[in-house]
1. With +1 on each Lys and Arg Cβ and -1 on each Asp and Glu Cβ, how big is the dipole of the protein assembly as shown about its Cα centre, in debye rounded to the nearest 20?
2. Per-residue Cβ counts within 10 Å, from other chains only, averaged over B:5-14: what number is that?
3. When the label point is put 7 Å from the Cα of residue B:199 along its Cα-to-beta-carbon vector, which residues of the range B:8-30 have a backbone N closer than 13 Å?
4. Among B:19, B:173, B:153, determine the one that fluctuates most according to a GNM of chain B built with springs between C-alpha atoms less than 10 Å apart.
5. Taking the Cβ-Cβ separation of residue A:322 and residue B:123 as r and a Förster radius of 45 Å, what is the calculated FRET efficiency to the nearest 0.05?
6. Kindly flag which residue pairs out of A:3/A:220; B:216/B:295; A:9/B:139; B:11/B:171; B:11/B:216; B:101/B:139 have an alpha-carbon separation exceeding 21 Å in this structure.
7. Once both labels are modelled 7 Å past Cα along the beta-carbon direction, what's the residue B:266-residue A:100 spacing in nm?
8. Please give the average number of partner chain Cβ atoms lying within 10 Å of the Cβ of each residue in B:136-142, rounded to a whole number.
Amino acid sequence: MRKIWLIVKREYITRVRTKAFILGTLALPLISAAILLISIFLSGGVSGQTVRIVILDEVGGLGGAVQKSLARNTTEAHPEPVVVHIVEHPSAQQELYFNTQVATDQLDGVLVLPKGLMTGTASARFHAKHMHALALMGPIERAVSDAIIARRLNAEGRKSRSMENVFKLARVQLVNPSSDQKEEGPNETNFAIAIIAGMVLYMTLIVYGMSTMHSVMEEKSTRMIEILVSSIRPFELLTGKILSVGAVALTQYLVWAVTVGLLFASAASVAALVRPGATVPGISLSPMLLVYLVIFFLAGYFLYSALYAAAGAIVSTDEEARQAQMPLTLMILCSFMLFNVILNNPNSTLSVVLSMTPFLSPILMTLRVAMQTPPLWQIVLALAFSIATTIYVIRISARIYRVGILMYGKRPSIKELRRWLRYS
Amino acid sequence: MDAVSLEKVTKRYDSFDAVSSLSMEIKEGAVFGLLGPNGAGKTTTLRMIVRILIPDEGSVRVLGQPLSERTQELIGYLPEERGLYRHMRLLEILRFLGALKGLPEAEAERRARLWLERLGLSDRMNDEVHNLSRGMQQKVQFIAAVIHRPPLVILDEPFTGLDPVNAAVIKDVMLELRKQGATIILSTHRMEQVEQMCDSICLMNKGQKLLAGDLKVIKRSYGNNTVRMEFAGDPVFLQLPGIIERTTSYGEMVDITLRPGGDAQQILKSAVERGVQVRRFELIEPPLNDIFIQKISERHA
């Protein structure tokens, strides 16, 4: 155990201080920051833009007050709300009609003031789907609150009601008309997060797999391996190596999670600073997704890095290394090619089967988790399959590694490899 | 107790036996020379002693114990194929390797400083390995082999690539280790080093033992059948087929192997007759080199 720890420590320290690691670690936060800034700038010339709204007033006589107060509450920083129509006591058909208009972009938003609004038993609903309309959420909430408080003061304020009830603020619920409201389907944000999560996994698996391979090759080509295995069992050395490269990857993940998290958390203030009033892409990373990302990264990483280590052990030159790592990289690429199947329908039979297939599951299951969390049993089953495969793969890899690290000649044929597996 | 004992050890590869049924004992405190032509199985044998390779048959014991992690820590090993991590600092790498051999890290670092000082590398201890010359790297590797004061030191071709000054420094350290009671196994092609340093030897060829034992005893058994001569003049006088088996020329100097019963005086006479100036004429034990060549070619014949 002590020796494995020594290996882990040495590899970790030498690796973390390389330029490649530092640059790679900084790249993602920098790219995210760039994307964020670009999207802030592209989020539309906010001022000067108008948002056409229809108010459906089920309470009666409240629509006008909201309209006036809305005009007072919006500043130059906001898109200008234009209330094109106020319908008092709308029918169900009318509501459906206007919602369809929002969905088809003929209208920017529908504000519904339901019956229970005055008593605080229901909240107002704002149906909208575009960023610039969403930017009005704050002003709308204030406008509705102003209007109902004013009404309560006028009509009932002098009765012996507690002031608390009078000043109870309105709540406005945001509704996206393009998605089915009952069954929450994958929306654009989930898509983006799923693809980003998939890509991060895909890239880190390849990068850290190759990293393990090169680490094995370095010990072989410098002949350091001779001294090492005279002090430590090859299996311990392999274990230490895989653990340390994994720890380096997790360090990178941690830095990424913290920096990108901070970035998005501070996005609003950044936006206000660079371009007041600009809207901010509402990406929120759920912590659960991060947990799954780490779990599936580890599942994939142990599986693939053991294979990459074996590949590193059987080769002696860079050219042989390129050939040997090809099938492994293709396997990872395969998951990447299957992104579409999952993105199209994460719950189709094909998606479910693929996301549980060993070698594919780490990336594809993460994709499903990011889009719409699948039943727990599927996640657990995928992990169980993956771990079983990994144990088997590590046993084979360790045998190849043990023989390969001391062979400096030509790359062995498949037949020779099979013989290596039998060497004691 | 023997420092190392091998009993009928065999290591098999696909097409050949690298080592076949090899038995030998190495006495504690000795400097032992493992000799043989390329491909004789020397490195395979050493690798089995340090437990890099596991024998297919037979058993190996180090200081009376069967091989284990514990015996690995009793051995210091300088492999023939050598190298170090390119991007580590000298002090770091020695601390790491010392710790792998069971030293606490602080102690490994303390000793590494002392050794670097002694071998003239203290001003380089924070340099990365790839900035050092090969000779310097080799000295670092040597330190790595002895830093944990192992009772058994195995050195595979320790002097190749070293200049005479550094070779002498390493030799001094080896003799000092021996004085402290360590056993040293030396594998080399350089016979004069073996003659200078080794107490006993084992000559291997094709995975088998050809000759083993105390160096002096071996040489004596070959008798004084060699004449070492230095002369000026035409070497034609050496064409005495009835007396001389063969000659090995070293430029100025020549070693002459006599046929059994050949009289050395005849050579001297022949030289005088032809007017050759003799500067040196000495009857000696055969050089190890001759024994080596003779033994190997006997097998081929």
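1. On the way: 78 positive and 65 negative charges, 194 e Å.
Computed about the Cα centre, the dipole is about 940 debye.
2. Details: counts 0, 0, 0, 0, 0, 0, 0, 1, 2, 4.
Mean shielding count: 1.
3. B:26-30
4. B:173
5. My answer for the efficiency is 0.65.
6. Values: A:3/A:220 19 Å; B:216/B:295 17 Å; A:9/B:139 25 Å; B:11/B:171 31 Å; B:11/B:216 30 Å; B:101/B:139 18 Å.
The pairs that break the limit, which is 21 Å between Cα atoms, are A:9/B:139; B:11/B:171; B:11/B:216.
7. 12.7 nm
8. Working: counts 0, 1, 0, 0, 0, 4, 0.
Taking all residues of B:136-142 together, the mean is 1.
Values in this text are rule-based calculations from the coordinates and carry no lab data. Fair warning: this is a prediction, and the values are worked out from it, not measured in the lab. Virtual Cβ from ideal backbone geometry, glycine too; neighbours counted across all protein chains shown.
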